[in-house]
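Before any comments, here is the structure.
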Amino acid sequence: MLNKINTMLWLAATLLIFITGIYFSYKIKCQQFNLKQMWKQLKKSGMEDGISPIQTLTLNLAARIGVGSISGIALAIYVGGPGTVFWMWVTAIIASANTFLESYFAVKYQECDEGNVMKGGPSYYIEKGLNKKGLAKLYSIIILITFICGFLTIQSNTIAIGLADLFPVPTYITGIILASITALIIMKGVKRIAKVTNFLVPLMGIIYFAICFIIILKNINLMPSIFQNIFAQAFNLKSAGIGIFTVFIIGMQRGIFSNEAGIGTGAITAATIKTKNYKSQGYIQTLGIYIDTLVVGTLSSIVVMCCNYNSLIIIDPNGIEIAKYAFFFHFGSLGNYLMMLIIILFALATIITGYYYGESAFKYIKKNYNKKDIILLKILALAMIIFGSIASSTRLWELNDVFIAILAIINTYALWHLKDKI
């Protein structure tokens with residue numbers, strides 16, 4: 001029943017984002033392709049709240065470039081074939097218009113938090129722009145549950161299980177260590193989180209790019225056939241034996257899940273900077289979409305398609321085992337350690353940004369919060385990280401899929417009704 005609900009919700013969410021993305025592209029005159037403005041806005045110095053444009057980008061990328069940018073891409077190719085990569089590219093291009101709009105409204109309807117730090121996101125523009133407080137609160141409640149109780153747990157579970165495969169370390173020990181590292185970062189608030197992601201995102205990007213570049217050089221003769229296969233199977237009516245429509249849906253779903261375009265979570269980080277130029281964060285967050293899907297996602301795709309992944313027989317795949325196999329195929333036993341390093345970096349970045357999403361949602365739900373409330377929320381988040389290290393993530397992934405689809409539907413509904421307030 002949960003799988004059926006998930007399928008129906010994602011079908012609705014995918015089509016909504018795709019259709020509105022095409023219209024929004026027309027509405028904003030394709031500003032999501034203005035690379036000159038992206039570069040211009042990125043070069044601006046930090047504002048008075050101490051958070052610079054580039055920090056908002058890295059904060060956003062920390063959430064977007066998670067384990068899903070590797071395992072999610074691998075799973076899409078394994079299930080739907082190489083053609084899904086093309087539709088992930090299409091998703092990034094079309095849904096970036098949704099990201100541009102949600103970032104625009106995030107800045108337009110933002111508020112000032114304690115310590116002169118800005119806050120905002122879908123809940124704020126749903127309440128202020130549409131005057132729908134109930135829907136705004138529902139969105140925040142789902143964000144709180146999804147990220148504090150779901151994403152943090154899943155990320156820690158991925159790290160703990162991965163390390164346990166390589167070293168004789170009990171998973172709960174990994175959970176405690178990970179929770180301790182997270183505590184040092186999140187206890188200082190969004191400014192510390194932004195500084196850490198500003199360091200962590202370039203680091204993990206350089207490491208991953210270097211590894212993928214080595215794989216590409218080793219398999220340079222396969223590149224023409226790989227890209228030819230991507231385009232050919234994207235429009236093959238019998239692609240991967242499941243049909244072009246299924247390939248389209250899988251590609252769109254994995255693309256949205258990876259880059260969060262249209263879900264609204266990127267608007268939360270977009271609102272952290274104080275500026276009177278509402279479009280500025282639209283350009284920057286759109287750039288984040290392109291980096292995640294067109295760069296990182298494409299590299300992950302190439303890594304998988306350069307190995308004989310079709311020979312794998314997996315009954316209930318989640319993607320990470322396919323990625324691990326690909327790294328082992330290319331680097332032997334060293335590949336296991338490289339994969340683990342990447343997973344730790346990507347998952348840690350997602351954990352700290354995911355916590356910030358949850359805290360932002362909590363602050364919206366409870367307007368009269370105090371420092372004690374925030375401390376208790378942080379303790380809960382750390383406890384969930386430890387719990388995730390010993391729990392099974394299968395059911396959590398299924399529930400998260402449902403919640404994310406609901407978030408996408410709510411956010412798309414809000415953007416559609418706000419489109420005339422640009």
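With respect to Ala194, determine if the residue is within 28 Å of Gly266 (Cα to Cα), over 20 Å from the mean Cα position of the chain (by Cα) and not charged (D, E, K, R). Break it down into steps so the answer makes sense when it comes.
Details: within 28 Å of Gly266 (Cα to Cα): yes; over 20 Å from the mean Cα position of the chain (by Cα): no; not charged (D, E, K, R): yes.
Judged against the criteria, Ala194 is not a match.
What residue, of Leu237, Leu217, is surrounded by fewer than 17 Cβ atoms within 10 Å (Cβ to Cβ), on the phi < 0 side of the Ramachandran plot and at pLDDT 85 or above? First the steps, then the outcome.
Details: Leu237 fails: at pLDDT 85 or above.
After ruling out the rest, the residue left standing is Leu217.
So, in segment 201-213, of the ones that are hydrophobic (A, V, I, L, M, F, W, C) and touching a residue at least 12 places away in the same chain (Cβ under 8 Å), which residue ends up surrounded by the most Cβ atoms within 10 Å (Cβ to Cβ)? Outline the logic, then answer.
So the first thing to find is which residues in segment 201-213 are hydrophobic (A, V, I, L, M, F, W, C), and the list is 201, 203-204, 206-207, 209-213.
Narrowing the set further to residues that are touching a residue at least 12 places away in the same chain (Cβ under 8 Å) leaves 201, 203-204, 207, 209, 211-212.
Working: Val201: 26, Leu203: 11, Met204: 21, Ile207: 14, Phe209: 13, Ile211: 20, Cys212: 20.
Going through the qualifying residues, I end up with Val201.
Give Leu16, Leu101, Leu130 a once-over and let me know the one that is among the hydrophobic types (A, V, I, L, M, F, W, C), over 19 Å from the mean Cα position of the chain (by Cα) and farther than 27 Å from Ile344 by Cα. Quick ask: steps written out before the conclusion?
Values: Leu16 fails: over 19 Å from the mean Cα position of the chain (by Cα); Leu101 fails: over 19 Å from the mean Cα position of the chain (by Cα).
Leu130 is the lone residue from the list that is among the hydrophobic types (A, V, I, L, M, F, W, C), over 19 Å from the mean Cα position of the chain (by Cα) and farther than 27 Å from Ile344 by Cα.
Check segment 177-185 and report whether any residue there is over 30 Å from Ile386 (Cα atoms), touching a residue at least 60 places away in the same chain (Cβ under 8 Å), among the polar types (S, T, N, Q) and in a helix (DSSP H, G or I).
Scanning segment 177-185 turns up no residue that is over 30 Å from Ile386 (Cα atoms), touching a residue at least 60 places away in the same chain (Cβ under 8 Å), among the polar types (S, T, N, Q) and in a helix (DSSP H, G or I).
How many of the residues in segment 304-323 are surrounded by 15 or more Cβ atoms within 10 Å (Cβ to Cβ), modelled with pLDDT under 80 and of a type in the set (A, V, I, L, M, F, W, C)?
1
Can you report the number of residues in segment 108-162 which are out of contact with any helix residue (DSSP H, G or I) (no Cβ under 8 Å at 6 or more places or on another chain), at negative phi and not charged (D, E, K, R)?
Going through segment 108-162 one residue at a time, the tally reaches 3.
From the set of residues in segment 354-384 that are of a type in the set (Ser, Thr, Tyr) and surrounded by 18 or more Cβ atoms within 10 Å (Cβ to Cβ), which is nearest to Ala179 (Cα to Cα)? I'd like the intermediate steps shown before the answer.
Of all residues in segment 354-384, those of a type in the set (Ser, Thr, Tyr) come to 355-357, 360, 364, 369.
Restricting the remaining residues to those that are surrounded by 18 or more Cβ atoms within 10 Å (Cβ to Cβ) gives 355-357, 360, 364.
On the way: Tyr355: 12, Tyr356: 15, Tyr357: 17, Ser360: 20, Tyr364: 25 Å.
Only one residue tops the list, namely Tyr355.
Within 22 Å of the chain's Cα centre (by Cα) and without any contact (Cβ under 8 Å) to a residue 40 or more places away in the chain, is that true of Ile145? Please lay out each step first, then the result.
Working: within 22 Å of the chain's Cα centre (by Cα): yes; without any contact (Cβ under 8 Å) to a residue 40 or more places away in the chain: no.
Answer is no for this residue.
Which of the residues that make up segment 254-300 are buried (at least 24 other Cβ atoms within 10 Å of the Cβ) and of a type in the set (Ser, Thr, Tyr)?
Across segment 254-300, the qualifying residues are Ser258, Thr265, Thr269, Thr272, Tyr283, Thr286, Thr293, Ser300.
The values are calculated or read from the model by the stated rules, or taken from the named source; none is laboratory data. Here the structure is a predicted model, which means the values were calculated and not measured. All Cβ positions, glycine included, derive from the backbone under ideal geometry; neighbour counts span all protein chains shown.
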